[in-house]
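Every number here is computed from the coordinates shown, using simple stated rules; none is lab data. In this text the structure is predicted, and so the values were computed from the model without any measurement. Backbone-built Cβ (ideal geometry, glycine too); neighbour counts: all protein chains shown.
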Amino acid sequence: MSTSRKDRLRSVDFLRGLAIALMILANNPGDVRLAYAPLRHAVWNGCTLADAVFPMFLFLVGVCVPLAVRREARGPGQAAAFWNKVLRRTIVLFLLGLAENALIRWGFQDLRLPGVLQRIAVVYLAAVWLHVRLGDRGLVATGAAILLGYWLLLLLTPVPGLGHPSIDAAANLQGWLDTLVFGSHIWKHGTTWDPEGILSTFPAVALGLLGVLAGRWLQAGHSRPGRVMLWGVGLTMTGWIWSFRFPLNKSLCTSSFVLFVGGAGILLLAACAWLMDDRGLWRWGKPLLTMGQNPLVLYLAASFLASILRHVTVATAAGRIPLQTALYRLLFAGWLTGKPASLAWGLALLALIWLGARALEVRHIVIKL
């Protein structure tokens with residue numbers, strides 16, 4: 001998913017670094033009860049900053065596809081080698097996602113099968129396949145068909161056992177299918193749906209296709225940024241208007257949510273491309289540019305470190321507690337209170353991961369899967 005070092009665009013690296021930084025902050029509060037509202041996920045319908053971060057990264061996965069994959073015809077040997085590389089990358093991502101889930105839940109009985117990296121793998125594979133085969137109009141038609149079809153599917157299909165269509169948290173078609181296919185191997189104990197479930201993968205692919213279209217614009221020299229920004233505003237507004245009939249919902253990846261986040265992604269990408277790539281005003285974003293060069297490696301490092309801190313326990317007078325809790329109380333809760341203390345823990349973890357990113361950058365290391 002990474003472009004070669006000489007072809008990297010600062011705008012793309014900056015936005016990927018921003019997405020990874022926000023994912024780390026949203027996923028690692030010192031005390032989840034004290035997280036600031038923008039860094040909390042909506043209970044169900046709605047869209048907070050935390051809700052938009054991972055979908056924004058999926059959009060950027062799509063953006064990177066045209067920058068790394070040429071559409072020219074290849075000979076049989078070249079095509080086979082290319083698709084072997086794509087499939088290998090997809091499989092590695094999927095297996096890394098399972099490994100990440102295994103650190104959270106020990107033992108196969110409780111192992112979650114869907115996940116963040118698994119969804120990235122599927123969206124990446126679909127985005128490459130469709131990018132190679134379709135022109136701009138074909139991508140637009142495919143994305144529109146997915147979003148409209150998904151809306152009609154959830155609007156008109158009765159949830160088995162319920163007898164009528166529903167997109168409530170307690171009963172929805174995605175949850176029914178996830179439970180049928182995965183059983184207990186889904187997100188959280190006690191839930192009947194998975195935010196990276198089967199049905200919502202289709203609109204996630206549509207979000208990736210919006211990224212592919214934006215990536216083609218970058219590949220062509222990103223002319224007329226103002227016009228592209230208007231497209232971003234238009235898609236965001238369309239998603240917001242649609243949400244009155246089909247609510248913004250990250251867990252179901254509703255069609256309105258896809259347009260809302262995808263439009264915002266196009267707007268941000270166009271603005272950053274104009275500012276950072278065209279005008280050369282990028283030094284203010286250097287910390288996030290550093291993180292954007294190896295985003296998946298940093299995400300995995302943060303996830304594995306957080307899992308270890310939660311699973312390793314230490315003895316206290318009140319009994320054994322997670323190492324994270326002990327360090328949080330020792331380093332932050334003693335001199336900060338409430339939400340600032342919770343945020344300080346997340347910022348400390350982010351700073352630690354940034355130091356790792358900087359070490360890779362100094363050594364000119366860009367890790368590709």
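Other residues within the sphere of radius under 15 Å centred on the Cβ of Leu58, judged by their own Cβ, net out at +1 (K and R +1, D and E -1).
Give me the extension gain from Ala348 to Thr313: residue separation times 0.36 nm, minus the current Cα-Cα distance, reported in nm with one decimal. Using 0.36 nm per residue and subtracting the Cα-Cα distance, I get 10.6 nm. Here Lys250, Lys85 are placed in order of increasing Cβ neighbour count within 10 Å, fewest first, which gives Lys85, Lys250.
Here Cα extents along the principal axes in Å was calculated from the structure, and among (1) 57, 51, 38; (2) 67, 59, 43; (3) 82, 47, 36 it sits at label (2).
Residue exposure proxy: Met291, Met229, Met23, ordered by other Cβ atoms within 10 angstrom of their Cβ from fewest to most, comes out as Met229, Met23, Met291. Averaging Cα coordinates gives a centre for region 116-143 and one for region 216-269; these two points are 16 Å apart. Computed over the alpha-carbon atoms, region 289-369 gives an Rg to Rh ratio of 1.08, Rh here being the Kirkwood radius from the mean inverse distance. Per-residue ellipticity at 222 nm computed for the chain from its helices equals -20500 deg cm²/dmol, with DSSP H segments shorter than 4 residues left out and the rest contributing -39,500 (n - 2.57).
A cut-off under 12 angstrom between Cβ atoms defines the neighbours of Leu154, and their net charge, with Lys, Arg +1 and Asp, Glu -1, is 0. The ranking of His164, His311 by Cβ neighbour count inside 10 Å, starting from the fewest, reads His164, His311.
Note on region 224-369: Rg/Rh from C-alpha atoms, Kirkwood Rh, equals 1.09.
Which helices of the chain meet both criteria: a Cα extent of 20 Å or more along the helical axis and a mean Kyte-Doolittle score no lower than 1.6, with helices taken as whole DSSP H segments? Span-like helices here: 49-68, 255-272. Expressed in units of 2.2 N^0.38 Å, where N is the residue count, the Cα radius of gyration of region 12-101 is 1.46. Note on Thr337 and Leu49: the extension gain reaches 101.4 nm, defined as 0.36 nm multiplied by sequence separation minus the Cα-Cα distance.
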